[in-house]
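Report on the following structure.
No lab work stands behind these numbers, since they all come straight from the coordinates. No experiment lies behind these values; they were computed from the predicted model shown. Cβ: placed from backbone, ideal geometry, glycine included. Neighbour counts: every protein chain shown.
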Amino acid sequence: MYWLRESTYLGVLLWVACTLMWSIGGNWLVASIFSLHKHEIPSLGFGSGLVLYLWLANILGHFLPSSLAFLLPAPMIFLTGYFAWRLNPQKENPFHLKTIFTQALVFAALTGFFTLIGRGLAIFDERKNLSLISLMANGDIPPHNPLNPSTLYQYHYGSQLLGASMVRLGGFFPWSAFDISKAIYWALAILLTYVLFRRFTSKNWVAILLASIYPFLTGTRYLLTLFSDKFLAGLDGKITLLGSSQDMGLPFSKALFADWVIGGGPPHAYPFGFINGIMKPLIMSHSGTESLAFAIVLMIWLFTSVQWKPSAKWILAILFAQLALTWETNYALLAIVIACLLLVKILIHKKSKNSVLQMLVCSGILSIPLVLLQGGTIHEIVKSGIHSLFSSTPTINAGITESGMFSFHWPPVIFSGHLGRLSIFDPAQLVVGLCELGPVIFFIPSIWKWIRNATDQINKTTLTVIFFSAVLGLLIPAFLTYQSSTRDITRFSGYGLTILITMFLLFILRNWKTQKLLMRCLEILSIGIMAIGGMVIGFVQLSAINQPVLAEGIDGWDARISSAVWGELNDDGWIYDPASQSWRAAILSGQATLIKSDIFTEEDWLRLKTDPKISDFLDNGFEYIYIDENWWNDLQQQSQEELNSPCVEEVAEVENVESDIFRKLIRISTCY
């Protein structure tokens, strides 16, 4: 009960047909609009088709049923690509069948491999990702808060749309759809890094090698294990572990050598010394959001580094808009840098034409109304701001507290999501911070010098924009902190480090032949020590392949209920689940649940669990109750009789008498 809710494969065939349509349409579009090499078109065409599909599905989902919202974009992209190809005939065929099939085979292999890893992990299989996938597949676009359906979801949800399409059209379970969609983003990001590296070298094997190494590159926290016990013990009073790292209950000097046990993690735990609190290696991007956002940034990078037709601005605008819906921090960094470069150009009265900057500005401006209207974090921030102008009632949402979104701090720090603030003025903390960042930080001056000396104006402008967006991302956490969620500030530095490592590899490619032996050795050493952490993590994750799980808190009995009821319930009714993973029933049914709101507290939720009364459920908006054997056996006989009232309708039930296991979904709206 892992893969499909339905017994037939018709849904899978439909979803595959849609995927082929938007993939082919994307290939036609990019081939007719951008001057690309033959080996670049398959990956960029697939990526562009994917982004267009996700963006259109979200827009159409505002107005149409989810089945149409996820179905119609595919033929729309196919037809648009076809007509674009026919209206812009090429002198020679840009499609090379051998290249297409080779990249498709590599893509399929990577997707399959990462799906198997994801199948054995339940990291991030929780209220956000799986609930969003299930609810959006069931027609809730833009989504409401999975745990407070009285409000719209004030967060990004762009990466979950692909999984939702698989649930709606393909008949997949939310957990299998999530794992496959993450694997698709992973594979796409790796292929796009290959395309980027290939553009900077004439040797195909070098691009393949670097694209193979890139998913493992991360910080170098493990280097701290080489320091003396005395030095590490002195850090215990200076470093405060955060989040799940704090749950280890160990001082830093001991935690560094311990296992990092995380919910839904692999059977063999991650060693804490080899993970990173600023930038996870690509191999560990288990939410799908970071890898899709990285892929979109790579597409923008690759498209603006070549010649294009005027219609390219619309493709880029949608790429920017989907980036904002997927990972708004990346969008914000690029937007700030593009605006600043335009301002500098105006102030210095530079009259020379810069077509790349013009295209970025134009597509960026075109993306603004799309971003403001499409939903997601930025949409909710703007809506909250407008509301505050016309209402005295404070609104606290989208990560904004009453005192604002950010707070300034001094002195500057290196911030780690695991180790907290590491002062750059404290030598011991600075050492820890530099190990967390990795040696790539020392190559920033060399990378900037290489960009400044670039002779190709198109490539130079693109590299400048990307470089400064990375530097800005690294600087923001040094001085600013999120008010609502301190650890989330690493999204900026994580982006900065991701881009910086990518540019470091490009810098090596461009300058390898002219560099001295010492510099080459330092670069190879830096790549090697940055790859060790990711390789250890990747090796640990291999243990998950042979131990598949559905999701944390969900088993095969729940899957049987999901197969029977998903998408079949009344759209207006909420569902109550007394489990500790109280979002479980929302995932299984595609129906919203309520855990906390302005008028429904956690105490109210617990009261319904300990003393369930049908009238209380109905008064709070619940129409369905999901029952498992653990809750049922803990209830008093009176409460059991209450839930067995004649007015209660049984929707679905599965039971194993020998093991005393059962699941039941009941409808109580008939008790009005």
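Of note:
- Nearest-0.05 FRET efficiency for residue 596 and residue 647, computed from C-beta distance (R0 41 Å): 0.90
- Sites matching GluC sites (Glu not before Pro) across the range 40-143 that sit in DSSP coil, with at most 14 neighbouring C-beta atoms within 10 Å: 92
- For the chain, 18, 340, 362, 435, 521 have no disulfide-compatible partner, since no other Cys C-beta lies under 4.7 Å from theirs.
- Cα gyration tensor shape of the range 442-597, rounded if a/c is under 1.5, else prolate or oblate by comparing a/b with b/c: prolate
- Selected from 352, 302, 340, residue furthest toward positive end of dipole (the range 277-428; charges at beta carbon): 352
- Zone residues, the range 535-556, relative to residue 632, backbone N less than 18 Å from point 7 Å out along Cα-to-Cβ: 554-556
- Angle of helix 312-326 to the longest C-alpha principal axis of the chain, folded into 0 to 90 degrees and rounded to 10: 50°.
- The three principal axes of the C-alpha atoms in the range 145-260 carry coordinate ranges of 58, 56, 23 Å, sorted with the longest axis first.
- Residue pairs exceeding 30 angstrom between C-alpha atoms, taken from 254/516; 182/238; 254/280; 203/460; 182/613: 254/516; 182/238; 182/613.
- The trypsin sites (Lys or Arg not before Pro) found in the range 161-265 that occupy coil by DSSP, while having at most 16 further C-beta atoms within 10 Å, are 203, 238.
- Positive-end extreme of charge dipole, the chain - chosen from 630, 187, 610 (charges on Cβ): 187
- Straightening the chain between residue 580 and residue 603 buys 6.9 nm, computed as 0.36 nm per residue apart minus the Cα-Cα spacing.
- For the chain, diffusion coefficient by Stokes-Einstein and Kirkwood Rh (Cα), 25 °C, 0.890 mPa s, µm²/s: 93
- Between the Cα long axis of helix 160-170 and the first principal axis of the chain there is an angle of about 60°, rounded to the nearest 10.
- The range 191-233 and the range 25-66 have their alpha-carbon centroids 29 Å apart.
- If R0 equals 35 Å, the separation of the Cβ atoms of residue 105 and residue 517 corresponds to a calculated FRET efficiency of about 0.35.
- Of the peptides 410-421, 169-180, the ranking by mean beta-carbon count within 10 Å, highest at the top, reads 169-180, 410-421.
- Subtracting the Cα-Cα distance of residue 246 and residue 406 from 0.36 nm times their residue separation leaves 55.2 nm of extension gain.
- Computed from Cα atoms, the angle from the helix 41-61 axis to the main principal axis of the chain rounds to 40 degrees.
- Extension gain, residue 455 back to residue 387 (0.36 nm per residue minus Cα-Cα distance, nm): 19.6 nm
- The listed peptides 444-454, 585-595, ordered by packing as a protection proxy, come out as 585-595, 444-454 (highest mean of other Cβ atoms within 10 Å first).
- Only one residue of 87, 110, 18 has its Cα farthest out toward the positive end of the dipole of the range 1-141, where Lys and Arg carry +1 and Asp and Glu -1 on Cβ, and that residue is 87.
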